[in-house]
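Each remark here refers to the structure printed beneath this line.
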Amino acid sequence: MNKTQLSIVLILALVLGALFETVKMVKVDTHRNGQINEILSGLDLKPFVQRLNGRAAPLRPGYRLTQNDPMGELQKLANNQKEPGQMTFGDDSSKNKKNKKKKKKKKKDGDAKKQKDDESKEEEIAKSENNENKPHEPSDVKNESDSPYDAAGAPFIAETEEDTEKQSVNELITKWSDDLLKTPDYKLLNEFISLKQTGQIPNEVFYPVVQMLIDDSRESMRLMGVFALSSTPSQESFEMLISLEQTSPFGSSVSQNISQAKQSYTSINQLKVLQNVLYSSENMIAIKEAARLVNTAATRYLANNNTDVSEQGQTGEHPLPNSTYISAFNPFKNILRSLATTSSDTDIINEASLALASITKYIPDEAPTDGIASSNI
């Protein structure tokens, strides 16, 4: 073999070697493209391609446009592969992070929604339990203001006229007690008494306020209370005076004023109060004291019936007519007789018997009464 033939053989060998390498590279590229197509078949690159198309940015070095990859992105990814069969995407890490964040966010949102649903269920259960415990409202109730139950679920009771009057009474008691208990003020006290005497202040206001005065620890306040009671003669005033006398030291200013107030009930004009006490009082001490005062009055007026003695026991004044005395004392007979025979209290029996004897001494039972009734109240 000459040199020419040897050269031809070498050239053919080189050509065959080059051809073999070319075929080998084509196979590798075909294998890579197949792997890429398999991986990308499950991906949606349409938004990515649209975003790149919208930007229309110039290609950087290293990108090569192909017919199947007009943006050159896939070729760039292929060029970055280090080994056949292994592919590395520049955006995979960021996409994986985004996907993880989305999954975490979805999980977090799902947990929050689940927690919210659980809370809503708990609230519904609590409401249903509360509704079971509350009284059922009538079906015809339309407005909340018409409900027969108040906010606490208790039956609503409409305010009556009696409730309004009671509230007004309580307000008056508070007002007058606050004013009178500040300091001794007889000018204000006289105004209070005057309103009582004219009916502008009811007993429900007057007596509770006076009770506060006589219960006060200051003697000046108790004296004001005695003055108020002596200025308004009545069964209740008399009973309150007697009760106060039991707790007042003998000889004190309060005790002396009470004694003077009691003597005013022996007046002809006030005998009616004593008659009421004897007939209806439940205070045993008040009944005994009333019987004693009737005896005093009978001795005072009936024993001096034929002399020139006035109601105050002073001479020189015109005496009251006989019929007036008879009409004043005659009703006491039956009341005193009943007390003297039926009472269980010895003191009451004694005082009632003495008073009855004084009256019958001057007004015998067989004496004419000129048509005046002798029955009790």
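Any read-out appearing in this document is the output of simple, stated calculations on the displayed coordinates, not a laboratory observation. Fair warning: this is a prediction, and the values are worked out from it, not measured in the lab. Cβ coordinates were reconstructed from backbone atoms using ideal geometry, including for glycine residues, and neighbour counts include every protein chain displayed.
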For the Lys187, Asp365 Cβ pair and Förster radius 56 Å, calculated FRET efficiency rounded to 0.05 is 0.65
Gyration tensor (Cα only) of the stretch 168-362 to equivalent ellipsoid, semi-axes in Å sorted down, yields 33, 19, 15
Net charge near Ser353 (other residues with Cβ under 13 Å of its Cβ; Lys, Arg +1; Asp, Glu -1) is +2
Descending packing, highest mean Cβ count within 10 Å first, for 245-251, 327-333, 212-218, 283-289 is 327-333, 283-289, 212-218, 245-251
Set Lys196/Lys272; Lys288/Lys361; Lys262/Lys333; Lys3/Lys24, cut-off 28 Å on Cα-Cα distance; pairs above it are Lys3/Lys24
